[in-house]
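First the structure, in the form of structure tokens, and then the observations on it.
The values are calculated or read from the model by the stated rules, or taken from the named source; none is laboratory data. From a predicted model like this one, the values you see are computed outputs, not experimental measurements. Here the Cβ is made from the backbone with ideal geometry for all residues, glycine too, and neighbour counts use every protein chain on show. Areas reflect the complete protein model, heavy atoms only, side chains present, ligands, DNA and RNA absent. Shrake-Rupley method; radii C 1.70, N 1.55, O 1.52, S 1.80 Å.
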Amino acid sequence: MKETFGRFNNLNILIIGDVMMDSYLWGSVDRISPEAPVPVISVKKERTDLEEQQTLH
């Protein structure tokens, strides 16, 4: 994520509305968390992208 936003350091940007990011995780699930019924993932690969869909009204 730092790399994605780091590309904006030398730019002047005005954002009106929302900024959305998609985060993807690849890995395997070996167990369910004892604190809550959610899978515990061993992350092998991760990718974060800025949402590119634009809606103009």
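Laid out as a table, the results:
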| item | result |
| --- | --- |
| Scope segment 18-46; condition assigned to a loop (DSSP other than H, G, I, E, B) and touching a Pro at 6+ places or on another chain (Cβ under 9 Å); matching residues | 33 |
| Candidate set from segment 47-57 (those that are open to solvent by less than 100 Å² (accessible area, probe 1.4 Å) and part of a strand (DSSP E or B)); member that is modelled with the lowest pLDDT | 50 |
| Positions within segment 1-38 being open to solvent by 100 Å² or more (accessible area, probe 1.4 Å) and polar (S, T, N, Q), in sequence order | 9, 10, 12 |
